[in-house]
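Data first, discussion second: the structure below is written as structure tokens.
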Amino acid sequence: MKLLSYKAKDIKNLIALQLGPKMNQASFFHKKTNNEFVYTGVEYDYIFNMLLTQWSDHYSLDVRLWIRQKKVEKLLQSILGKRHDVTIGNTIERIFFSPDGREVKNGSLGILLIQDQDIEAAVETLDRYFDTIAMLYFNRYDNLEAINDIINNPPFDYSPAHVGGGLADRCMRGLIIAKLQNNPQYNDLGIIYDEAIKKTMSADSIDKYRKVKECLG
């Protein structure tokens, strides 16, 4: 038996309404379609995404943090067409429990909504997550040099916690970022990613990677 009297749409609206003034002060504005607060900058977009999931007798709320580097995504899109344009990002748990950004560690920062009063508590928790985790993450990777460091250094057999996404995304974006940064290890990274992409066991991913590498020259 459900104890919550609100539907998913109402929960999202209530959270957006209560959290909005705080987020707006930081220039993050609510995008209703994906239930997220987005900062739109000249070179970067920062995204505080809130995934609401309905279960048999309650809801859960999970936060994901994404960074869009516009130059990187524009170049990738010009090669492969329109895609989910997130340069780096992951669940807030993966980011929080891996302070070095590389080793992928599990943990739980999910928010349960069981009774109506849990919505107000959820807003307080989201407020805290934004201040103590999200803004630190966004500020840490507010330049290509920092993103190049986290994405183009070992280990290369998986996608680091602060990078997120799949290995194929890392290989493609890693090369693009290295090219844009004039990374002196660009050729060596190409050899490394040539081997890493094979681990995806996906012909489509390998073809897309090769297309990106060919276009980068």
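Some observations on this one:
- Within the stretch 46-65, tally of residues that are within 18 Å of F29 (Cα to Cα), free of Cβ contacts under 8 Å to residues at least 40 places away in the same chain and among the hydrophobic types (A, V, I, L, M, F, W, C): 1
- Pairs with Cβ under 8 Å, 6+ apart, first in the stretch 102-116 and surrounded by 15 or more Cβ atoms within 10 Å (Cβ to Cβ) and part of a loop (DSSP other than H, G, I, E, B), second among the basic types (K, R) and modelled with pLDDT of 95 or more: V104/R94
- Every pair of residues 6+ apart whose Cβ atoms lie under 6 Å, when the first sits in the stretch 22-33 and is under 12 Å from D127 (Cα atoms) while the second is surrounded by 15 or more Cβ atoms within 10 Å (Cβ to Cβ) and not acidic (D, E): M23/F37
- For the stretch 66-73, the criterion of a residue being surrounded by 17 or more Cβ atoms within 10 Å (Cβ to Cβ) and over 17 Å from the mean Cα position of the chain (by Cα) is satisfied by no position.
- G164 vs. criteria in contact (Cβ under 8 Å) with a residue 12 or more places away in the chain, of a type outside the set (V, I, T), over 30 Å from L4 (Cα atoms) and in a loop (DSSP other than H, G, I, E, B): yes
- Per-region count, the stretch 19-52, residues surrounded by fewer than 16 Cβ atoms within 10 Å (Cβ to Cβ), more than 18 Å from the chain's Cα centre (by Cα) and under 17 Å from I119 (Cα atoms): 3
- The listed residues are D157, D194, and the only one of them that is surrounded by fewer than 14 Cβ atoms within 10 Å (Cβ to Cβ) and farther than 27 Å from F48 by Cα turns out to be D157.
- Tally, over the stretch 201-217, of residues that are assigned to a helix (DSSP H, G or I) and at pLDDT below 95: 0
- Options N182, N143: the member that is free of Cβ contacts under 8 Å to residues at least 12 places away in the same chain, under 13 Å from I88 (Cα atoms), surrounded by fewer than 21 Cβ atoms within 10 Å (Cβ to Cβ) and out of contact with any helix residue (DSSP H, G or I) (no Cβ under 6 Å at 6 or more places or on another chain): N143
The values are calculated or read from the model by the stated rules, or taken from the named source; none is laboratory data. Remember, it's a predicted structure, so these values are computed and weren't measured experimentally. Neighbour counts run over all protein chains shown; Cβ positions are idealised from the backbone, glycine included.
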